[in-house]
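Quick notes on the structure that follows.
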Amino acid sequence: MDARGIVASLALGASAVQLGTAFLGCPEASVSSVWSDALQAAEAETTTVTEALSGKPARAIRNRYIDELEAIDEPLLPYPAQYAVSREFRKEAVSRGDPSFVAMWAGQGVALIKGQPAADLVRHLVADSRDLIDRLSDT
């Protein structure tokens, strides 16, 4: 989500990092307004890893749909069928502005979303990471 996370990951031996959630706040991201609003209000604790949405483990903002599917004592459909069966009511929920039944993917760093254009985000991430590495190298 930010330079500190990037540099920490590299220091721990990662050869790359993935920043999907950081880009969800960019104006170029094709997220619905209901999802965007939920992202802006979310904290790490409001996300959960679940198979309920798609049939594969993924982190999303917890909502009624996740709660109700996880409460059912029946096996889920395999990926991608689990996600496909909810297509129409997710679409309807978005049209009504109801986040209760929308799949809203988000990582734990969701509260760090900056809401800037993607090019600016990348530029800042690279510059801030280089600055932090340089500062750490001097110590």
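The values are calculated or read from the model by the stated rules, or taken from the named source; none is laboratory data. In this text, all values refer to a predicted model and were calculated from it rather than measured experimentally. Neighbour counts are summed over all protein chains in view; Cβ atoms, including those assigned to glycine, are modelled from backbone coordinates with ideal geometry.
Under the condition of being among the charged types (D, E, K, R) and over 21 Å from Gly25 (Cβ atoms), which residue from segment 120-134 is surrounded by the fewest Cβ atoms within 10 Å (Cβ to Cβ)?
Filtering segment 120-134 for residues that are among the charged types (D, E, K, R) and over 21 Å from Gly25 (Cβ atoms), the one surrounded by the fewest Cβ atoms within 10 Å (Cβ to Cβ) comes out as Asp134.
What about Ser137, is it surrounded by fewer than 17 Cβ atoms within 10 Å (Cβ to Cβ) and either in contact (Cβ under 8 Å) with a residue 24 or more places away in the chain or farther than 27 Å from Ser33 by Cβ (or both)?
On the way: surrounded by fewer than 17 Cβ atoms within 10 Å (Cβ to Cβ): yes; either in contact (Cβ under 8 Å) with a residue 24 or more places away in the chain or farther than 27 Å from Ser33 by Cβ (or both): yes.
It is true that Ser137 is surrounded by fewer than 17 Cβ atoms within 10 Å (Cβ to Cβ) and either in contact (Cβ under 8 Å) with a residue 24 or more places away in the chain or farther than 27 Å from Ser33 by Cβ (or both).
So in segment 88-119, with the set limited to residues that are at pLDDT below 95 and part of a loop (DSSP other than H, G, I, E, B), which one is surrounded by the fewest Cβ atoms within 10 Å (Cβ to Cβ)?
By that ranking, first place goes to Gly115.
Among Thr46, Thr139, Thr50, which is polar (S, T, N, Q) and over 23 Å from Met1 (Cα atoms)?
Result of the check over Thr46, Thr139, Thr50: Thr139.
Which of (1) surrounded by fewer than 19 Cβ atoms within 10 Å (Cβ to Cβ); (2) modelled with pLDDT of 95 or more does Ala60 not meet, given it meets every other one?
Among (1) surrounded by fewer than 19 Cβ atoms within 10 Å (Cβ to Cβ); (2) modelled with pLDDT of 95 or more, Ala60 violates only (1).
Within the set of pairs 6 or more residues apart or between chains, which connect a residue that is surrounded by 13 or more Cβ atoms within 10 Å (Cβ to Cβ) inside segment 74-87 to a residue that is in a loop (DSSP other than H, G, I, E, B) and hydroxyl-bearing (Ser, Thr, Tyr) with Cβ atoms less than 8 Å apart?
Tyr79/Ser54; Gln82/Ser54; Tyr83/Ser54
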